[in-house]
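Structure first, then comments.
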Amino acid sequence: MKIATVDVVVCSPDRNFVTLRVTTEDGLVGLGDGTLNGRELAVASYLRDHVAPLLVGRDAHAVEDTWQFLYRSGYWRRGPVTMAAIAAVDVALWDLKAQAAGMPLYQLLGGASRTGIMAYGHASGRDTAELFDSIRQHLEAGYRSIRVQTSVPGINAVYGVAAQPSSEGKRYDYEPAQRTPLPAEEDWDTRAYLRHLPSVFEAVRGEFGPELPLLHDGHHRMTPIQAARLGKDLEPYDLFWLEDCTPAENQEALRLVRAHTTTPLAIGEVFNTVWDYQTLIREQLIDYVRSAVTHTGGITAMRKLLDFAAQYQIKSGIHGPTDISPVGMAAALHLDLAIHNFGIQEYMRHGALTDEVFRQSFTFDDGYLHPGNEPGLGVTLDQAAADRFPYQPAYLPFNRLKDGTVHDW
Ligand code: EZ4
Ligand code: CO
């Protein structure tokens, strides 16, 4: 199964996506996702200029060998651009192998370990009434686990909160990347946030009861001692997880957080290799691995990372925002279905334009996703549709403290 052509499709239906398309001499087409939010063209160039020429003529079946070749032979290791590019190749090759086998990819990963993949959605509101509406809409849309983000009094723009309430007839669509030539500037005050957030969870538990799994994303904005306090303050509300409480490239920081709270911790959406997790996993400082298949070297690397985590009773919580393309989502779903230590899957739903470009076979029913049973990933790309949506510059916002200091995303 020799690789005949390798090309990169950059398109922007609803938002930017980088897709790798690998075609074999017998005409099979495999897809991989290399989307890196706000840095899309860097991955596109890495793939087009430095990886595609190396792949033509190689055996598409050699998934492990190709991964090792790209990781080791480039000399420069790790980093989000490199690992997104390797992920795109890896997922495209797994797609091809499963198509050649005539099986859905999860069968090649060991077969299904469950009947469905529990998913969580993103509810948000600028106040309690708006937040409750958003949670109800998610429940009606079939979600059975909900991430809760809200505005904070005194802060003008908070990440994770939709600017438009979904009750105004618009589809709820929190999309942090703005289609502007410069990143938007937001503000932040950690003390105000720490004071306000527990009252929000108290209100949500009061309205929706004790059973509904609730999650929250701290987006790396706390120091270890602040995160320890928030974890303690949220214990009465029984969170499924508190995500990205500190900037975790300092893995040791989690020792302090862990020593003070039993709120489960999830970390890793900005990580890109197993090395970012060494201390976190070996010392059992987290409960969920948040990496995306798309940003962590693909199925091959994620499988090894999650097998390592499994030895320490740490589960998966694969990153699945809308900046993971339907190709990257499908890869996550096949892996979710196959691994034993599955935890939960993030699922935000793409917009209608994205669905015009990417035809998908996965389903979402009563809280559970399933990747479907088409051979391969089960996703195809409509090139004519992609051509209608050319790349548009779009950047994630950043935030400053009251005195003007740039703070963590
Ligand atoms: O802000 O994917 O948990 N999910 C998240 C996401 C991230 C975006 C950044 O590209 O934090 O919404
Ligand atoms: Co997050």
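Close amide H contacts of Gly268 (hydrogens built in the peptide plane, cut-off under 5 Å, sequence separation of 5 or more or a different chain): Asp244, Arg290.
From largest to smallest, the equivalent ellipsoid semi-axes obtained for the stretch 309-409 from the alpha-carbon gyration tensor read 28, 25, 11 Å. Based on DSSP H segments of at least four residues, each scored -39500 (n - 2.57), the chain has a per-residue ellipticity at 222 nm of -10000 deg cm²/dmol. In order along the stretch 383-398, the Karplus-derived 3J(HN,Hα) couplings, from 6.51 cos²θ - 1.76 cosθ + 1.60 at θ = phi - 60°, round to 4, 4, 5, 4, 4, 6, 10, x, 3, 10, x, 8, 10, 5, x, 10 Hz, and Gly and Pro are given as x. Put the Cα centre of the stretch 258-294 next to the Cα centre of the stretch 312-361 and the gap is 18 Å.
Here the accessible area of the stretch 3-108 is 55 percent carbon and sulfur, with a 1.4 angstrom probe and all protein chains present. Other residues within the sphere of radius under 15 Å centred on the Cβ of Ala100, judged by their own Cβ, net out at -2 (K and R +1, D and E -1).
Note on the chain: Kirkwood hydrodynamic radius from all Cα pairs is 21.5 Å, rounded to one decimal.
So what's the projected area for the stretch 227-306, the Cα convex hull averaged over all directions, in nm²?
The orientation-averaged projected area of the Cα hull of the stretch 227-306 comes to 4.8 nm².
Gyration tensor analysis over the Cα atoms of the stretch 10-116 returns equivalent ellipsoid semi-axes of 23, 18, 14 Å (largest first, whole Å). Rounded to the nearest Hz, the phi-derived 3J(HN,Hα) couplings of the stretch 182-199 under the Karplus curve 6.51 cos²θ - 1.76 cosθ + 1.60 (θ = phi - 60°) are 10, x, 6, 9, 10, 10, 7, 8, 5, 5, 4, 5, 5, 5, 7, 4, x, 5, where x marks glycine and proline. A cut-off of 5 Å between modelled amide H atoms, ignoring neighbours fewer than 5 places along the same chain, links Gly372 with Thr363. Normalised per residue, the accessible area of the stretch 311-388 is 35 Å², obtained with a 1.4 Å probe and no contribution from ligands, DNA or RNA. Using the Karplus relation 6.51 cos²θ - 1.76 cosθ + 1.60 with θ = phi - 60°, the per-residue 3J(HN,Hα) values for the stretch 308-324 come to 4, 4, 4, 5, 10, 6, 9, 10, 7, x, 4, 5, x, x, 6, 7, 8 Hz, with x marking Gly and Pro. Restricting to the chain, compute how many DSSP beta bridges are antiparallel as a %, nearest 5. Just about 50 percent of them are antiparallel.
The values are calculated or read from the model by the stated rules, or taken from the named source; none is laboratory data. Computed from a prediction, not measured in an experiment: that's the story for all the values here. Counting neighbours? That spans all protein chains shown, and the Cβs are built from the backbone with ideal geometry, glycine included. Only protein heavy atoms, including side chains, enter the accessible area calculation; ligands, DNA and RNA are left aside. Shrake-Rupley method; radii C 1.70, N 1.55, O 1.52, S 1.80 Å.
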